[in-house]
Amino acid sequence: MQLYLKTILLALVAVMVCKPLAAQEPASTGTTSNERYRVIITSDFPPFPVTNSDPDDVQSIVRFLLYSNEFDVEGLIVSAGTFDMVAEKKNMLAALDEYDKVDENLRKHDTKYPTADALRAITYEGKGNNNGIKIKWGCGKQPVEDIIGEDKSSEASNAIIAAADKPDPRPIWIGVWGGPREIAQAIWDVRNTRSEEELKAFISKLRVYLIACQDASHEWLMNEFPDLFIIESRKTYHGIFQSDSKEWAEKNIINNHGPLCAIYPPKAMAGPGVIEGDSPTFLHLISANRGINDPEDPTQPSWGGQYKRKEGTNHWIDGPGASTISKWKDDFQTEFKERADWCIE
């Protein structure tokens, strides 16, 4: 009798141990981070086919949307930049229309992919030459007062303030693909309407990743706010240029991979193939999700590059160079190809 009870007891233990293992869901992203990063993208996003800006923004948005399941996306901002210096939300919304045609397939691989409507609801328009603010491309071209200040707020700058004001302890990672005018305007508004302590609290919530130097607000942020967390990539981002050829992009992304991937331009200003100069602004968060780096320490190697701290500031600037991105090419391109396949499988 004792042997019989012991046998039953062992069987019950086995069931209790094995059942949770059988019930586990398979990992769909391969991420190892315990924290989802809050992300805002600000892009001088053009129409497609591209006529008034650098096509690399369209390349980058395709990759970003294929990774939107890994982030808490809190804003898609269309800012002014590059040639025409216009900010038109309709261009980003057009890209989301193509995402809308594949997102159900993507959710078969991970239910965390946001709906197109959810992303449309957080798409905002900044200000540029098309709505009253004359912005000159590049640094040192005009006084910052020409492009930020009183009566120059936008729905985009207001959205940045609202995101930072949320009772969420996590910082907001802002990838700047065009000019950072909307971030600068948000900070200007807070500085001129709140106390010094409140300004510091606001700034402490922001993590800004700047690509190149695209308007006067870039220098203003760097010079006026040494405590603002900024990664300034003037050259390191070149490491993603020509990660793969035009032929690779056509075979693995553009052709036969659904409507979203079909808008991926086969070339950009810097040449044919995979250029994506803006993608490092979120690639370092993707590699962080895989346990490779801590994005709070940009001196660590990451898919988005490796930087050195500017003494006496909370700014990180170009360090070891472009190879700190290009060396990860096989990793991030393999994943990109796999996720493009998800659009049709």
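Only one of these is more than 25 Å from Asn131 (Cβ to Cβ) and modelled with pLDDT of 60 or more: Glu35, Glu88. Name it.
One residue alone meets the criteria, Glu35.
Provide a single number: the residues in segment 67-96 that are open to solvent by 10 Å² or more (accessible area, probe 1.4 Å), farther than 19 Å from Ile148 by Cα and not in a helix (DSSP H, G or I).
Of the residues in that region, 4 qualify.
Going through Lys152, Lys141, Lys134, Lys166 one at a time, which residue ends up being of a type in the set (Lys, Arg), under 24 Å from Phe282 (Cα atoms) and out of contact with any Leu (no Cβ under 9 Å at 6 or more places or on another chain)? Working first, answer last.
Values: Lys152 fails: under 24 Å from Phe282 (Cα atoms); Lys141 fails: under 24 Å from Phe282 (Cα atoms); Lys134 fails: under 24 Å from Phe282 (Cα atoms).
Sole residue among the options that is of a type in the set (Lys, Arg), under 24 Å from Phe282 (Cα atoms) and out of contact with any Leu (no Cβ under 9 Å at 6 or more places or on another chain): Lys166.
State whether the residues of segment 104-111 include one that is open to solvent by 70 Å² or more (accessible area, probe 1.4 Å), part of a loop (DSSP other than H, G, I, E, B), over 21 Å from Phe64 (Cβ atoms) and modelled with pLDDT of 95 or more.
Looking for residues that are open to solvent by 70 Å² or more (accessible area, probe 1.4 Å), part of a loop (DSSP other than H, G, I, E, B), over 21 Å from Phe64 (Cβ atoms) and modelled with pLDDT of 95 or more, one finds none in segment 104-111, hence no.
Taking the condition of being assigned to a loop (DSSP other than H, G, I, E, B) and open to solvent by less than 70 Å² (accessible area, probe 1.4 Å), how many residues in segment 295-345 meet it?
So the count comes out to 18.
Of the numbered conditions (1) closer than 24 Å to Pro266 by Cα; (2) touching a strand residue (DSSP E or B) at 6+ places or on another chain (Cβ under 9 Å), Asp84 satisfies every one except a single condition; which is it?
Among (1) closer than 24 Å to Pro266 by Cα; (2) touching a strand residue (DSSP E or B) at 6+ places or on another chain (Cβ under 9 Å), the lone unmet condition for Asp84 is (2).
Restricting attention to segment 280-289, does a residue exist that is among the β-branched types (Val, Ile, Thr), open to solvent by less than 40 Å² (accessible area, probe 1.4 Å), in a loop (DSSP other than H, G, I, E, B) and under 25 Å from Pro49 (Cβ atoms)?
Within segment 280-289 (the criterion being among the β-branched types (Val, Ile, Thr), open to solvent by less than 40 Å² (accessible area, probe 1.4 Å), in a loop (DSSP other than H, G, I, E, B) and under 25 Å from Pro49 (Cβ atoms)), the answer is no, since none of the residues qualifies.
Report yes if Glu276 is on the phi > 0 side of the Ramachandran plot and either under 19 Å from the mean Cα position of the chain (by Cα) or surrounded by fewer than 24 Cβ atoms within 10 Å (Cβ to Cβ) (or both), otherwise no.
It is true that Glu276 is on the phi > 0 side of the Ramachandran plot and either under 19 Å from the mean Cα position of the chain (by Cα) or surrounded by fewer than 24 Cβ atoms within 10 Å (Cβ to Cβ) (or both).
In segment 249-264, which residues are in a helix (DSSP H, G or I) and buried (at least 16 other Cβ atoms within 10 Å of the Cβ)?
Ala249, Asn252, Ile253, Ile254, Gly258, Leu260, Cys261, Ala262
With the structure loaded, tell me whether Gly319 is over 29 Å from Pro49 (Cβ atoms) and in contact with a Ser or Thr (Cβ under 6 Å, 6 or more places away or on another chain) or whether it fails that test.
no
Within segment 53-98, track down each residue that is under 13 Å from Asp117 (Cα atoms) and of a type in the set (Val, Ile, Thr).
Once the filter is applied, which keeps residues that are under 13 Å from Asp117 (Cα atoms) and of a type in the set (Val, Ile, Thr), segment 53-98 yields only Val73.
Quick test of your reading of the structure: Ile122 fulfils all but one of (1) under 18 Å from Trp177 (Cα atoms); (2) touching a Lys or Arg at 6+ places or on another chain (Cβ under 7 Å); (3) not small (Gly, Ala, Ser). Name the failing condition by number.
Among (1) under 18 Å from Trp177 (Cα atoms); (2) touching a Lys or Arg at 6+ places or on another chain (Cβ under 7 Å); (3) not small (Gly, Ala, Ser), the lone unmet condition for Ile122 is (2).
The values are calculated or read from the model by the stated rules, or taken from the named source; none is laboratory data. Computed from a prediction, not measured in an experiment: that's the story for all the values here. With ideal geometry, Cβ positions are generated from the backbone for all residues, glycine too; neighbour counts draw on all protein chains shown. Just the protein is used for accessible areas: all its heavy atoms, side chains included, with ligands, DNA and RNA removed. Shrake-Rupley method; radii C 1.70, N 1.55, O 1.52, S 1.80 Å.
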